[in-house]
Each structure stands twice: as structure tokens, then as C-alpha cells.
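**Student:** Could you have a look at this structure, given as C-alpha cells, before my questions?
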Amino acid sequence: MLDETLTAAYLRRLELEPEPATAEALQRLHQRHVERVPYETLWIHSGENWGLDPIASAHRIALHGRGGYCSHLNGAFAELLDSLGYHVHRHVGGVHGPDGPDAAGGWRLKHDPKGGFHGMVRTNAEATWGDFAAQHDYLSTAPDSGFVRISMAQCRDATGVAVVRGLIVIRVRHAARASEPLIDRAEWFGALPELCGLHFDTTPPEILDRLWSRTLANHRSWEAADAP
């Protein structure tokens, strides 16, 4: 559970006022979280070692303008909901493509494929943070992990999805899809808050230097491999 100060800062990030726990209020919280808090893996490429502690994730979101991937976002959001009076249950889940696995003993949920995946499955049994540790270690450190191979940040709203994948900016609006490279450092860092709500005001300059250097190097390697 978050303390009052952190809860208030979290709600400010979402641009919401505190209100009693209701189904309608929960819908507003969920919508704003998706719109204002990005799904991002830039921390991997800047050499930051983010763990699974949900309170630490909430600090980064509420006070430092950052996001995270599944475990960080879900963990922090769960702590926020708990602090606002909701009853929260945690489960192991995973996303999948169009031919996803059966949801034997659990739930299978559909998702808008324009957002990056077709659906997810989750177990019925309640989870502990230990259930996520091995997958988190693989996703954030393994050389063959897609998150390690290329950085990304993503946000969505009612109009579509904005993705910054490496140095490529992708905008998906309804049926249209457009992409462009941003190989200028200032333009790239400027696009992250504009498109994905990511802010680096409290991030040390050497971490930003490392993030840019690695992302640019990965882009150059991709260009070389893609050249005829």
C-alpha cells in the first residue's frame, strides 16, 4: 500500500482527483493509466537495474515521470488501487499472438492487435512476486530477449497507439500506420514525452548518454543488417 503523499502524487500523474472506490472510478483510473503511463524498456538500455518492488515502481511513475513493463505497471497500479480502497488480486498472465494458448484452468482475454498483441491468458491461482522473478530476469537480461535487443516505449489512447521502437517512431491511428526514424538526439528525446508521456527531468545525464549511445548503436547495426 502507498502512503498518502505517494498516492496523491500518483493521482496527479494521472490527472485525477481522489474519489470513492466504484466501478466507474476504476474505469477512469485504468483508462488514465494506459494513456498517461507508458509501457517502456528504456531503463534496460540505459543500464538501470529495475527490480520488481511495486513501491519502487510507483515512485518512478508518480515522482519521476517513468513507466515500466508488465510487472512494474501492474504492480504499481495494484498498490495504487489498494491504497484507494479496492480489493486487489494478483495473477500470472502472458500475452500471445493470434494463435494463443488455451486458457485451461484460467482466463483468456482478447486485446486490440494494433496495440502489439492479440490477447492474453491468466491463471486463476493468486500469485506472489516470486512467481514473476525468473521471467523478469530473463526479459531484462537475456541476450535473446526482445526487450534487451531493442528499446521501446508505447502509449495508447482512444485515437490509437504511439510506439517509439529504437529510433523508429510508429503511429497507428485507426486503420492507418505511419513510421519515421529520428536519428537526432534532441528530436528523439523530445518525442518521448510528447508521444509517450516519458520524462527524464530527474535522470542523471550519464544515464541519458548511455541510453542514447546504445539505442543509436543498435539502430546503426539494424541499418547495416538491412542494407542490400
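The values are calculated or read from the model by the stated rules, or taken from the named source; none is laboratory data. Quick caveat, the model's predicted, so the values are computed rather than measured. Methodologically, a virtual Cβ is constructed for each residue, glycine included, from the backbone with ideal geometry; neighbour enumeration extends over all protein chains shown. To get the accessible areas, we keep the full protein, side chains included, count just its heavy atoms, and leave off ligands, DNA and RNA. Shrake-Rupley method; radii C 1.70, N 1.55, O 1.52, S 1.80 Å.
**Student:** What accessible area per residue, rounded to a whole number of Å², is obtained for the chain using a probe radius of 1.4 Å?
**Tutor:** 55 Å²
**Student:** Further, regarding this structure: Tell me, what HN-Hα J-couplings in whole Hz come from the Karplus equation 6.51 cos²θ - 1.76 cosθ + 1.60 at θ = phi - 60° for each residue of the stretch 206-219, using x for Gly and Pro?
**Tutor:** Working through the residues one at a time gives 5, 6, 5, 4, 5, 4, 5, 4, 5, 5, 5, 4, 5, 5 Hz.
**Student:** Output the 0 to 90 degree angle, nearest 10, between the alpha-carbon long axis of helix 4-14 and the longest principal axis computed from the alpha carbons of the chain.
**Tutor:** For 4-14 against the chain, the angle is about 50 degrees.
**Student:** Still on this structure, please answer the following. Which value in deg cm²/dmol, rounded to the nearest 500, describes the helix-derived mean residue ellipticity at 222 nm for the chain, given -39,500 (n - 2.57) per DSSP H run of n ≥ 4 and division by the residue count? Intermediate values should be presented prior to the final figure.
**Tutor:** On the way: 9 runs with 101 residues, N = 228.
Per the formula, -13500 deg cm²/dmol.
**Student:** Any idea what angle helix 54-64 forms with the longest principal axis of the chain, computed on alpha-carbon atoms, 0 to 90 degrees, nearest 10?
**Tutor:** So the helix axis and the longest Cα principal axis differ by about 60 degrees.
**Student:** Place a point 7 Å from Cα of ARG28 in the direction of its Cβ. Which residues in the stretch 66-84 have their backbone N less than 16 Å from it?
**Tutor:** Only 81, 84 fall inside the zone, counting backbone N under 16 Å.
**Student:** On C-alpha positions alone, give me the angle between the axis of helix 23-36 and the longest principal axis of the chain, in degrees, nearest 10.
**Tutor:** 20 degrees
**Student:** Now for a separate question. Do you know the relative contact order of the stretch 111-228, to the nearest whole percent, from alpha carbon pairs under 8 angstrom that are 6+ apart?
**Tutor:** 16 percent
**Student:** Here's something else I'd like to know. Among ALA175, PHE147, ALA127, whose Cα sits farthest toward the positive end of the charge dipole of the stretch 120-181 (+1 at Cβ of Lys/Arg, -1 at Cβ of Asp/Glu, about the Cα centre)?
**Tutor:** ALA175
**Student:** With contacts defined as alpha carbon pairs under 8 Å and 6 or more residues apart, what's the relative contact order of the chain in percent? Could you put the intermediate results ahead of the total?
**Tutor:** Working: 341 pairs, mean separation 48.7, N = 228.
With pairs under 8 Å counted, the relative contact order is 21 percent.
**Student:** On the protein heavy atoms, probe 1.4 angstrom, tell me the percent of accessible surface of the chain carried by carbon and sulfur.
**Tutor:** Taking all protein chains in place, the chain shows 55 percent carbon and sulfur surface.
**Student:** Here is a follow-up. For GLY119, enumerate residues with amide H under 5 Å from its amide H, sequence gap 5+ or separate chain, H modeled in the peptide plane.
**Tutor:** HIS96, HIS111
**Student:** To continue, here is another question. Ranking request for peptides 33-41, 173-181: highest mean number of other beta-carbon atoms within 10 Å first, then the rest in descending order.
**Tutor:** 33-41, 173-181
**Student:** I've got another one for you. Which one, (i) 13.7; (ii) 14.7; (iii) 12.7, gives mean projected area of the Cα convex hull in nm² as derived from the coordinates shown?
**Tutor:** Among (i) 13.7; (ii) 14.7; (iii) 12.7, the one derived from this structure is (i).
**Student:** Using the Cα centre as the reference, give the magnitude of the dipole from point charges on the C-beta atoms of the stretch 134-181 (Lys, Arg: +1; Asp, Glu: -1; all else neutral), rounded to the nearest 20 debye. Before the final figure, lay out the partial values.
**Tutor:** On the way: 6 positive and 4 negative charges, 52 e Å.
Approximately 260 debye in magnitude.
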